[in-house]
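Contents: one structure, followed by commentary.
The values are calculated or read from the model by the stated rules, or taken from the named source; none is laboratory data. Nothing here was measured: the structure is a model prediction, and the numbers come from that model. A quick note on method: Cβ atoms are made from the backbone with ideal geometry, for glycine too, and the neighbour counts reach across all protein chains shown.
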């Protein structure tokens with residue numbers, strides 16, 4: 001090819017070569033310029049910048065200046081000082097004014113944004129500050145059930161009310177085991193890489209799971225139990241959802257979240273109808289009252305709270321603060337909850353105000369019913385038997401203990417695992433308790449004496465076979 005450009009004494013070749021090179025570099029530079037000036041994606045380009053530099057202070061719960069920068073809607077809504085951006089006018093947007101210049105005021109006490117980060121934000125605003133479609137970004141559902149090369153930890157268990165199924169979260173799926181442990185009946189594939197909780201509705205028609213992707217999104221999955229089909233996927237927040245519960249009439253679902261908020265959504269349309277920001281740390285559990293009008297929640301901030309669903313307002317603390325709470329179970333009949341946490345004690349409360357919280361130094365606990373024996377290891381999970389006569393807990397030391405609800409008498413003490421037990425659930429008859437934890441095994445024990453009945457892996461396990 002080089003021979004085509006050899007000058008053999010003519011004068012026409014050099015101008016021709018220069019012209020070709022000029023056109024080539026012009027085309028390349030034009031392509032690069034076009035790429036630089038192409039559409040800026042909020043979720044791909046803008047949100048990572050905000051997460052790195054801004055959302056420590058400007059996130060749901062109690063955002064500084066009333067400005068939530070974790071979502072497109074929050075950014076458009078602005079804060080106490082008005083809109084953060086003026087779509088189409090980057091120079092006139094308050095966001096750019098606070099992060100640009102010789103002495104930027106934001107991030108407060110942090111390193112200034114890089115010039116290229118500021119330019120990305122500037123271009124996005126100038127282009128109209130458009131949002132992407134979240135569904136396309138969060139569509140992570142695998143086409144086929146995942147293949148497991150190791151056993152994942154079991155974070156939740158739930159038996160169906162009719163006694164036929166045991167729901168177990170996996171990776172991107174909920175596995176429906178036959179309740180007798182004979183095998184997997186169905187595999188329900190979803191977007192969330194990890195589900196933190198599962199629960200059946202009281203009538204067994206719906207199966208609900210909550211989870212998401214850490215620092216990305218939270219998700220509630222609602223499934224038709226009989227059809228094994230999704231009813232709805234509800235996504236929100238910028239972190240995983242925990243402790244899902246469903247209202248007695250199946251009309252609403254509630255979750256806690258790492259963003260310190262408690263949320264309630266409609267099942268029929270997925271619309272968020274309640275948000276409470278009274279917790280100061282991650283919220284791990286929720287439970288509806290029998291009339292569906294109030295919600296109990298527990299958090300790492302040590303509080304169990306009672307919330308009015310219609311308004312989202314705090315009614316009162318249920319408990320007196322002691323140690324961080326990480327789990328909650330609702331009594332199947334009465335408006336009672338059992339709580340557990342780092343202290344290593346189950347406590348039983350009525351779902352009503354504790355009373356006396358307005359008096360300084362008043363430690364009344366009018367909602368308190370009883371506490372159970374100290375275990376000496378953090379409680380990871382709690383569950384009631386179907387008739388409410390027994391309550392069980394799984395603990396970090398690998399133990400499971402079962403007690404009589406009415407008087408706290410210990411019924412069984414089980415060494416269930418060599419690692420933490422994250423999940424416990426009674427079967428429909430109440431004569432067996434299932435456990436799951438760090439080792440990925442599910443075990444069935446007799447509730448009467450703690451005898452091991454059965455053990456099997458939580459997921460179908462990949463096994464390598466040698467080719468002969």
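Which one of 118, 99 is outside the structural domain of residue 280 (by TED's automatic domain parsing), modelled with pLDDT of 90 or more and within 29 Å of residue 280 (Cα to Cα)?
99
I'd like the full set of residues that are farther than 26 Å from residue 398 by Cβ and either surrounded by 15 or more Cβ atoms within 10 Å (Cβ to Cβ) or modelled with pLDDT of 95 or more (or both), limited to the stretch 141-164.
Within the stretch 141-164, 145, 146, 160, 161, 162, 163, 164 meet the criteria.
Determine, yes or no, whether residue 65 is touching a strand residue (DSSP E or B) at 6+ places or on another chain (Cβ under 6 Å) and more than 30 Å from residue 420 (Cβ to Cβ).
It is true that residue 65 is touching a strand residue (DSSP E or B) at 6+ places or on another chain (Cβ under 6 Å) and more than 30 Å from residue 420 (Cβ to Cβ).
Six or more apart or on different chains, Cβ atoms under 9 Å: show the pairs whose first residue is in the stretch 394-418 and closer than 21 Å to residue 453 by Cβ and in the same structural domain as residue 368 (by TED's automatic domain parsing) and whose second is modelled with pLDDT under 95 and crowded, with 22+ Cβ neighbours inside 10 Å.
Taking only residues 6 or more apart or on different chains, the pairs are 394/416; 394/417; 398/416; 398/417; 399/416; 399/417; 400/416; 400/417.
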